[in-house]
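Structure first, commentary second.
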Amino acid sequence: MVTDPALTGPALTGPALTGPALTDLVLARAEVDRSAHLRADQAWLDAAWADSRTRVLVVEQGRVPCDMGRELARLFFISPAQTPDGVRFLLGVDDGGVAYFGVAGPLPDPPRPTVRPVPLREAGPLLSDRDAGLMTHAVALGNWHETFTHCPRCGSLTDPISSGHARKCPVDGSEHFPRVDPAMIVLVTDGADRCLLARNASWPERRVSILAGFVEAGESAEQSVAREVHEEIGVVVGAVTYLGSQPWPMPQSLMLGFRAQAAGSTEINVDADEIAEAHWYSRDDLRAAINSGALLLPPPVSIAHRIIESWYGGALPGNW
């Protein structure tokens, strides 16, 4: 039975399903073990910092230095001796015993023209699995340390602990950990297997994506899917299928990817506040709109791109 959303709000009309997770999401790749057990071992940290093999990645305002090639990019590391002042955090240790640290501080001068400060959106798709994981980790912690400096209880300046993975108030002793905001992102389909794409009111013409929103307090991710879809386009969804997740530290989100099926009416009523327009697309419709330049889809760095691609059944045509 479909619950009347006019009376009670949107509700799931079927069980929450677990589907096969998306693989190789750009910002969910990693090779270096995070080595959480070493974060409080000061003797080991001191020895690792003194080791000439140790590599340091500097991050400032969400950017890190990268050696940018035409098709591939590499992180630009420096030695501990070259590192500027800033909050230091352990990123992990690789299989060869090499330690990687991040430092939130002023970026070093580039040694050659191909090395420049790059944000995660740009560098992510061009990095190796190792470098993508290290950069995502470093940017997430760097963003947090740049914004969370004082105790929310008493206002005192906090101190980094646990090798930069937490902060502690020296006055009241409270410990604080990096903020991560869960956000759901969902591709909605109808009975004809058409997908729904929408344009956010703040986006330029032609730019579309799937629906997304933050999970509210006291709400499950599946409940958030139903609420956001109904709020933004007026459609009630049935069973929700989980696909996978990807960190999105711009500045502090975790994107939880879903598919959802429209239940009942597929009439679209945009909220006219957050969503400017939304339409249903068959695969042929989408291909024609992309090829004609009528639509621009999210870039491959985003989980939205991969979710649309998984529905489409192959690589998406067009530029981003």
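The values are calculated or read from the model by the stated rules, or taken from the named source; none is laboratory data. Fair warning: this is a prediction, and the values are worked out from it, not measured in the lab. Backbone-built Cβ (ideal geometry, glycine too); neighbour counts: all protein chains shown. These area figures cover heavy atoms from the full protein model, side chains too; ligands, DNA and RNA do not enter into them. Shrake-Rupley method; radii C 1.70, N 1.55, O 1.52, S 1.80 Å.
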**Request:** Working only within region 132-162, note down all residues that are open to solvent by 20 Å² or more (accessible area, probe 1.4 Å) and polar (S, T, N, Q).
**Result:** Asn143, Thr147, Thr149, Ser156, Ser162
**Test: residue in region 101-109 that is farther than 12 Å from Arg55 by Cβ, part of a loop (DSSP other than H, G, I, E, B) and at pLDDT below 95** = yes
**Asked** Which one of Val235, Val240, Val215 is buried (at least 19 other Cβ atoms within 10 Å of the Cβ), modelled with pLDDT under 95 and among the β-branched types (Val, Ile, Thr)?
**Response** Val240
**Request:** Would you mind telling me which numbered condition in (1) crowded, with 17+ Cβ neighbours inside 10 Å; (2) closer than 30 Å to Pro300 by Cα Asp129 fails?
**Result:** (1)
**Asked** Is there any pair with a first residue in region 135-156 that is over 17 Å from Arg88 (Cβ atoms) and a second that is aliphatic (A, V, I, L, M) and not in a helix (DSSP H, G or I) whose Cβ atoms are under 6 Å apart and which are 6 or more apart or on different chains, and what are they?
**Response** His150/Leu157; Cys154/Val171; Ser156/Val171
**Item:** Residue list for region 55-66, restricted to those being in a strand (DSSP E or B) and either surrounded by fewer than 17 Cβ atoms within 10 Å (Cβ to Cβ) or among the basic types (Lys, Arg) (or both)
**Value:** Arg55, Arg63
**Request:** Examine region 166-174 for a residue that is buried (at least 20 other Cβ atoms within 10 Å of the Cβ), of a type in the set (A, V, I, L, M) and assigned to a loop (DSSP other than H, G, I, E, B), and state whether such a residue exists.
**Result:** no
**Asked** Do the conditions hold for Leu75, that is, is it within 23 Å of the chain's Cα centre (by Cα), more than 15 Å from Val115 (Cα to Cα) and hydrophobic (A, V, I, L, M, F, W, C)?
**Response** no
**Request:** Name every residue in region 235-257 that is of a type in the set (A, V, I, L, M, F, W, C) and closer than 24 Å to Pro178 by Cβ, in order of residue number.
**Result:** Trp248, Met250, Leu254, Met255, Leu256
